[in-house]
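First comes the structure, then the notes that go with it.
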Amino acid sequence: MNDTYVTLIGMMLAAALMFMFPLMTIADRNDVIASQAAQQETVEFVDKERNVGAIRQADLDDYKQKLSALGHTFNTELEVKAIDENVGKKTTWTTSKVIGENVYYSVYTGTIESQVYSGTGKYVLKEGDIFSVTSTNTDTTIAQSLRNVFYSIAGKGSYQISGSHSGVVQNNGSNSNN
C-alpha cells in the first residue's frame, strides 16, 4: 500500500514538471515580449512628440491603441517638466551679461489630457521641456497568476509589463501648425 502512495505522488510530481513548468516558461516569455513591445511603443511615442514639440490627440490615441493591442490594459502616466526661464541680470566687476537659472515645474497626466482632449487637440511643448511617459499593465497576466500559485512568497503584482521613456523637447510646438 505504501508503494501505491509513493507512485501516486511521483506521478503527480512528474505531471507538474512536465506540464506546469513549461506553461510557466511560455507565459513568462509572453510577458517579456509584451514588455519589450510596450517599451518600443513608448520610446517611439515620446521621441515623436518631443521632436514635433506637441502632444497631439491623434498620436496619444494611436499610442494607447497600440498598447491595448498587446492584449493587456495599461495605466499611462504622462509628465512634462516645463522649463520656466528665470532670467536675471547680474553685474560683475569686469562684465555684465544676462544670466539666469532654469526652473522646472511638473505638469501631469490629468492636466495634459484635459488640454489634449479639449478644443485645441494638443498640448504645446517648449524647447528644453522634459517629456516622460510610463505605462504599466493593470491586469494580472497568466504568468503572474501561475507565479502566485507556485511562489506565494513573491506576492501579487511582483512583475509588470511596462514601458517608460523620457527626453528633452527639441522644437517649440507653438511654431508648428500640426
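Values as computed for the structure displayed
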| read-out | value |
| --- | --- |
| Residue within region 20-37 that is out of contact with any Phe, Trp or Tyr (no Cβ under 7 Å at 6 or more places or on another chain) and within 30 Å of Gly173 (Cα to Cα) present | yes |
| All positions within region 104-113 that are surrounded by 13 or more Cβ atoms within 10 Å (Cβ to Cβ) and outside any strand (DSSP E or B) | Thr109, Thr111, Ile112, Glu113 |
| Count of residues meeting criterion [over 24 Å from Asp139 (Cα atoms) and not charged (D, E, K, R)] in region 41-80 | 8 |
| Count - residues of region 14-60 that are charged (D, E, K, R) and out of contact with any helix residue (DSSP H, G or I) (no Cβ under 9 Å at 6 or more places or on another chain) | 2 |
| Filter result for Gly100 (at pLDDT below 90 and in a loop (DSSP other than H, G, I, E, B)) | no |
| Condition met for Gly71 (on the phi > 0 side of the Ramachandran plot, touching a residue at least 12 places away in the same chain (Cβ under 8 Å) and surrounded by 15 or more Cβ atoms within 10 Å (Cβ to Cβ)) | no |
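Matching residues to (1) modelled with pLDDT of 90 or more; (2) closer than 22 Å to Arg147 by Cα:
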{"site": "Asn2", "(1), (2)": "no, no"}
{"site": "Ala34", "(1), (2)": "yes, yes"}
{"site": "Gln39", "(1), (2)": "yes, no"}
{"site": "Lys66", "(1), (2)": "yes, no"}
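The values are calculated or read from the model by the stated rules, or taken from the named source; none is laboratory data. No experiment lies behind these values; they were computed from the predicted model shown. Every residue, glycine among them, receives a Cβ derived from its backbone with ideal geometry; neighbour counts consider all protein chains shown.
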